[in-house]
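Contents: one structure, followed by commentary.
Coordinate-derived values only; no laboratory data. The model shown is predicted, which means the values in this text are computed figures rather than measured ones. Virtual Cβ from ideal backbone geometry, glycine too; neighbours counted across all protein chains shown.
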Number of protein chains: 2
Amino acid sequence: MKLTSKGRYAVMALVDLARFDTINPVSLRDISLRQGISLDYLEQIFSKLKKNQIVKSTRGTQGGYILSKKPIEIKLSNILNAVDEKVKTVQCKKESKKGCNGKATKCVTHNLWDELETHINTFFDKKSLQDLLKNNSERVN
Amino acid sequence: MKLTSKGRYAVMALVDLARFDTINPVSLRDISLRQGISLDYLEQIFSKLKKNQIVKSTRGTQGGYILSKKPIEIKLSNILNAVDEKVKTVQCKKESKKGCNGKATKCVTHNLWDELETHINTFFDKKSLQDLLKNNSERVN
DNA sequence: ACATACCTGACTAAAATGGTCAAGTTTAGA
DNA sequence: TCTAAACTTGACCATTTTAGTCAGGTATGT
């Protein structure tokens, strides 16, 4: 059971973005330098964030990204879902060998894993970008 | 972010064990058949459970495993830790490029990931094997 | 026109996952 | 005492995921 970097990078990048966008779009290059994340990797991540309407982009010189919504409206669950980092409970085998078949006799752990999933998602639904900004208010500009 | 099968298997096997041990040790072969988990894989898992004093073993014919403690004393966190399925937050890079160095300027997500870890562990600390037995009381013997 | 910055897709090395396989050792019971 | 059941150990492996890199684009402000 592991929490991977992709989601963490996405969150870091968006916090960075939230602190610097206000008026002008922020280029990935800047975020890359400030956060120490590879530019190419950031592009992959922002492509997904854009598809999920979390950020908007402007092309060309002076282009970059801005948030689509206010930080308080962006929940961490939105971000993590966008980059495919949603919590995935291991699937019980479809062709029920012995245990879980989704029907009458669910395997013992079925409900447990569902509960955990809910538990974690609740956590991420409550936290917004805004919450993270508060903890990290050593602004640079 | 994914929850893997190893932990799930461990929990399934122990619930099975809790239901059938009482007097005689239960063989992995039986568990394997009932739960549809490969015998060889179960051996790997039980080797770890034994090292962590969650089960005891008896060798030879009629041998098998029994729980070391009462189901209510065995928390899910114990089980998952034993099979190396503890929650692992992605490490922030040691050689702080820009972000987290553990010192003054922790990366923005540092606290967040710690919080989540606590959140999940709390969940597993509360649940015991006993709790799972209740939900699944269609005994066979 | 040209540098900046977004955009897209293919590719890859390394690690984790979910096992299998082989070769034991121990012990109950015939 | 022999043997089969059951635990024990460690090596091995195919597949998938992760965390990127690389190589090309396309759009646009100056």
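List the pairs from A:LYS88/A:LYS134; B:LYS2/B:LYS126; A:LYS88/B:LYS6 whose alpha-carbon separation is above 18 Å, in the order I gave them.
On the way: A:LYS88/A:LYS134 29 Å; B:LYS2/B:LYS126 21 Å; A:LYS88/B:LYS6 14 Å.
Those over the limit are A:LYS88/A:LYS134; B:LYS2/B:LYS126.
Could you work out how far the C-alpha centroid of the stretch B:33-76 sits from that of the stretch A:1-72, in angstrom? Each part's Cα centre sits 47 Å from the other's. 3J(HN,Hα) along the stretch A:120-129: 5, 5, 4, 4, 6, 6, 7, 7, 10, 4 Hz, from the Karplus curve 6.51 cos²θ - 1.76 cosθ + 1.60 with θ = phi - 60°, whole Hz, x for Gly and Pro.
With label points defined 7 Å past Cα in the direction of Cβ, position A:SER68 shows copy-to-copy spacings of 5.1 nm, given to one decimal and shortest first.
Between copies, A:ASN111 shows label-point distances of 3.7 nm, shortest first, with the point placed 7 angstrom from Cα along Cα to C-beta.
Taking the label point 7 Å along Cα→Cβ, A:LYS134 and its counterparts in the other copies are spaced 3.5 nm apart, in ascending order.
The share of Cα pairs per 5 Å bin across the stretch A:1-87, counted from zero up to the longest distance, runs 3, 14, 30, 27, 18, 6, 2, 0, 0 percent. Rounded to the nearest whole Hz, the Karplus-based 3J(HN,Hα) values (6.51 cos²θ - 1.76 cosθ + 1.60, θ = phi - 60°) of the stretch A:33-45 follow the sequence 5, 5, 9, x, 10, 4, 4, 4, 5, 4, 4, 4, 5, with x at glycine and proline.
If the chain between B:ARG29 and B:TYR41 were fully stretched, how many nm would it gain, using 0.36 nm times the residue separation less the Cα-Cα distance? It would help to have the intermediate numbers written out before the result.
Working: separation 12, 0.36 × 12 = 4.32 nm, distance 1.12 nm.
So the chain would gain 3.2 nm between B:ARG29 and B:TYR41.
The chymotrypsin sites (Phe, Trp or Tyr not before Pro) of the stretch B:31-85 include none that DSSP puts in a loop with a beta carbon having at most 13 other beta carbons within 10 Å.
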